[in-house]
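The structure appears right after this line, and notes come after that.
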Amino acid sequence: MRAAAWWQCLLMTCLALGSISDALAQEYPTKPVRLIVPFPAGGGSDIIGRILAQKLSERLGQQVVVDNRAGAGGSIGTEAAVRSAPDGYTLVLASTSEIAVNPGIYSNLPYDTVKDLVPVAMVASTPMVIVTSPSLPIKTATDLVAYARSKPRQVNVGSAGNGSFTHLAGELFRSTNGVTWTHVPYKGAPPALTDLAAGRIDVMFSTLPAAIGMIKSNLIRPIAVSAQTRDANLPDVPTATESGIAGYDVQYWYGVFVPAGTPKPVVAKLADSIAQTLKAPDMIESLGKQGASPGTLTDAAFAAYVTQEVEKWGKVVKESGAKID
């Protein structure tokens with residue numbers, strides 16, 4: 001009899017906790033929400049983050065405030081999110097770099113991107129675009145391969161930094177096509193693109209949002225995009241596959257994550273709110289102007305995709321030998 005009473009009490013407690021959790025989710029949010037962007041203002045992550053923050057504020061009925069926490073390839077801002085209270089009031093807009101690349105790049109990363117963060121929603125994805133200095137005789141991706149083979153280690157390929165996604169996207173292309181060149185790391189994409197336009201470096205593998213302005217101004221030359229289909233912003237630029245570079249399909253994605261332990265009903269409400277926000281025509285238009293497409297994966301599918309990406313880019317990092325201590 002006592003056992004039956006104990007089980008009945010336990011059941012009632014669970015039901016009560018479930019009701020409280022559901023009530024919290026229905027009330028959430030009751031105050032402003034912080035969206036950490038782990039990079040400086042002006043870059044691709046910041047642009048996407050501010051577009052999302054504005055539209056999500058309207059959907060949630062509370063202001064979503066962007067908090068730029070730059071440093072260590074996005075690790076500082078991501079760690080700040082991991083260490084924050086798991087209550088839904090601190091989100092982080094993390095990308096392929098912070099989630100899938102940094103675990104292999106940083107030997108002492110103070111958090112586990114799979115265990116310590118919960119994927120909420122993929123916000124956007126963009127192909128990488130291979131851009132060159134207009135002064136070079138390179139018009140296609142196959143031209144780049146031929147040029148690099150004719151000048152071993154003489155082609156200077158810039159990146160946003162050692163171990164950055166722009167570096168590894170180039171490493172994947174280089175190893176796939178059996179060429180050698182010289183990697184020139186910068187402190188961020190903007191200075192690298194500026195030097196590319198000035199002819200101080202030869203090539204860069206850039207995210208489209210970071211490079212689209214210079215491309216439209218004819219300061220740098222786009223020769224290929226890394227997706228399987230052409231980008232609407234660059235309809236005349238072929239994919240790498242169309243150019244004869246088989247198997248080079250690279251997407252750079254941005255997603256919202258929360259600290260592990262965040263109540264599931266709150267995560268579900270955030271996921272639904274972001275999904276509805278991404279369907280809005282003005283949101284699609286705003287992302288499109290930056291060369292990005294809104295995410296369409298469910299939260300479960302996004303979580304599975306994140307795990308796959310961590311494994312994929314971990315291998316690329318290992319093969320490249322890139323490390324930051």
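At a glance:
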| quantity | calculated |
| --- | --- |
| Lys, Arg +1 and Asp, Glu -1 on Cβ, resulting dipole of the range 127-225 about Cα centre, debye, nearest 20 | 120 |
| Computed FRET value (nearest 0.05) for Thr182 with Lys318, which takes r as the C-beta separation and R₀ as 22 Å | 0.55 |
| Given charges at beta-carbon only (K, R positive; D, E negative), |dipole| of the chain in Debye | 380 |
| Links that overshoot a 22 Å alpha carbon limit, given the list Lys269/Lys312; Lys55/Lys279; Lys115/Lys264; Lys55/Lys289; Lys115/Lys312; Lys139/Lys216 | Lys269/Lys312 |
| Choice from Pro259, Pro40, Pro222 with maximal GNM fluctuation in the chain (Cα, 10 Å cutoff) | Pro40 |
| Among Val33, Tyr111, Thr207 - extreme Cα towards positive end, dipole of the chain, charges at beta-carbon | Thr207 |
| Burial order of peptide ranges 26-36, 169-179 (average beta-carbon count within 10 Å, highest first) | 169-179, 26-36 |
| Helical contribution to [θ] at 222 nm, DSSP H n ≥ 4, -39,500 (n - 2.57), averaged over the chain, rounded to 500 | -14000 deg cm²/dmol |
| Quarter of Cα convex hull surface for the chain, i.e. mean projection, nm² | 18.1 |
| Vicinal HN-Hα couplings computed from phi for the range 162-167 (Karplus, 6.51 cos²θ - 1.76 cosθ + 1.60; Hz; Gly/Pro x) | 4, x, 5, 5, 5, 5 |
| Residues whose placed amide H lies under 5 Å from that of Val64, excluding near-sequence neighbours | Val33, Ser57 |
| Distant-in-sequence amide H partners of Trp181 (H built 1.01 Å from N, under 5 Å) | Arg153 |
| Segments 305-312, 201-208 sorted - mean Cβ within 10 Å per residue, highest first | 201-208, 305-312 |
| The range 52-114-the range 212-233 distance, computed between alpha-carbon centres (Å) | 28 |
| Prolate/oblate/rounded label for the range 226-325 (Cα gyration tensor, a/c 1.5) | oblate |
| Descending semi-axes in Å of the range 61-174, equivalent ellipsoid built from Cα gyration tensor | 36, 16, 11 |
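Values in this text are rule-based calculations from the coordinates and carry no lab data. Not measured: the values here are computed from a predicted model. Counting neighbours? That spans all protein chains shown, and the Cβs are built from the backbone with ideal geometry, glycine included.
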